[in-house]
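Student: Would you mind keeping the following structure in view while I ask a few things?
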Amino acid sequence: MKVKLENYYFPTALSWILLVGFIVSGGYIIYFRLHEWVVILFAILTSISFTTKYLFQIDTDRKIIVDSFEILWFDLKREQYKFHQLKGIKLDKERHSYTANSRARTAQTDFNEYIGILEFDNQSIEIARDVSYKSFADEMHRVAKELRIPIHRSF
């Protein structure tokens, strides 16, 4: 059985805005026969925005974990781990705080980032990060349920 976690690098709204912009501006450029090479550049940028993703796969039959980063369906970074036993998923929380200064005022930003760590054998690997606990927790529970492993919260 394969369990997949896919996180797209660019927000979906940005990808669709680029696609609509590509269609409108590409049509204009082609109609008026202006710099046609720009259409190819727009097509490449739009394709990159839709296909750039972080992919984490766990294959329980072959006992392999694949951690990769893809652009245009090609792996730029790929790490593969073998395991004997999955121990569980550890949920952790990091608090981030920083101050932004401008001429008029100073503002402080404070937020939590949630981290999912897969523990196997005597190793662990980070599988997800998110600032929204609800979507993060739902995804971690889905993965744990499919893999039939427990979740341990450290907060």
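Quick note: the coordinates plus some simple rules give every number you see, no bench work behind them. All values reported here derive from a predicted model rather than from experimental measurement. Counting neighbours? That spans all protein chains shown, and the Cβs are built from the backbone with ideal geometry, glycine included.
Student: Considering only PHE22, TYR54, LEU118, whose Cα is most displaced toward the positive end of the charge dipole of segment 1-127, charges sitting on Cβ of Lys, Arg (+1) and Asp, Glu (-1)?
Tutor: The one lying farthest along the dipole's positive direction is PHE22.
Student: Here is a follow-up. Before rounding to the nearest 500, sum -39500 (n - 2.57) across all DSSP H runs of length at least 4 in the chain and divide by the residue total; then give [θ] at 222 nm in deg cm²/dmol. Don't skip to the answer; put the middle values down first.
Tutor: On the way: 3 runs with 50 residues, N = 155.
Counting only the DSSP helices, I get -11000 deg cm²/dmol.
Student: Report, in degrees rounded to the nearest 10, the 0 to 90 angle that the Cα long axis of helix 12-31 makes with the longest principal axis of the chain.
Tutor: The two axes meet at around 20 degrees.
Student: Across all directions of projection, what mean area in square nanometres is found for the Cα convex hull of segment 1-101? Don't jump to the answer; show the numbers that get you there.
Tutor: Working: hull surface 44.3 nm².
Mean orientational projected area (segment 1-101, Cα hull): 11.1 nm².
Student: May I pose another question? Treat every Asp and Glu Cβ in segment 52-155 as -1 and every Lys and Arg Cβ as +1, leave all other atoms uncharged, and give the resulting dipole magnitude about the Cα centre to the nearest 20 debye.
Tutor: For this selection, approximately 240 debye.
Student: Relative to the present Cα-Cα distance, how much length would full extension add between SER124 and ILE151 at 0.36 nm per residue of separation? Kindly include the intermediate steps, with their values, before the conclusion.
Tutor: Values: separation 27, 0.36 × 27 = 9.72 nm, distance 1.36 nm.
Length difference between fully extended and current span is 8.4 nm.
Student: Could you check which residue among PHE50, PHE32, PHE120 shows the biggest mean-square fluctuation in a GNM of the chain with a 10 Å Cα cutoff?
Tutor: The residue with the greatest mean-square fluctuation here is PHE32.
Student: Taking R0 as 35 Å, what's the FRET efficiency between ILE115 and TYR31 from their Cβ-Cβ distance, rounded to 0.05?
Tutor: Working: r = 50 Å, r/R0 = 1.42.
Calculated value: 0.10.
Student: How high is the relative contact order of segment 1-95, in percent, with contacts defined as C-alpha pairs under 8 Å that are six or more residues apart?
Tutor: On the way: 123 pairs, mean separation 26.1, N = 95.
So the answer I get is 27 percent.
Student: Applying 1/(1 + (r/R0)^6) with R0 = 41 Å to the Cβ-Cβ distance of ALA100 and THR12, what FRET efficiency is obtained, to the nearest 0.05?
Tutor: Numbers: r = 27 Å, r/R0 = 0.66.
Efficiency computed from Cβ-Cβ geometry: 0.95.
Student: Quick one: of LYS53/LYS87; LYS77/LYS145; LYS82/LYS145; LYS63/LYS134, which pairs are farther than 23 Å apart, Cα to Cα? Working shown, then result.
Tutor: On the way: LYS53/LYS87 26 Å; LYS77/LYS145 28 Å; LYS82/LYS145 21 Å; LYS63/LYS134 29 Å.
As for pairs spanning more than 23 Å Cα to Cα, those are LYS53/LYS87; LYS77/LYS145; LYS63/LYS134.
Student: If each residue's Cβ is checked for other Cβ atoms within 10 Å, how do SER49, SER68, SER135, SER97 rank with the fewest at the top?
Tutor: Exposure proxy ranking, most exposed first: SER97, SER135, SER68, SER49.
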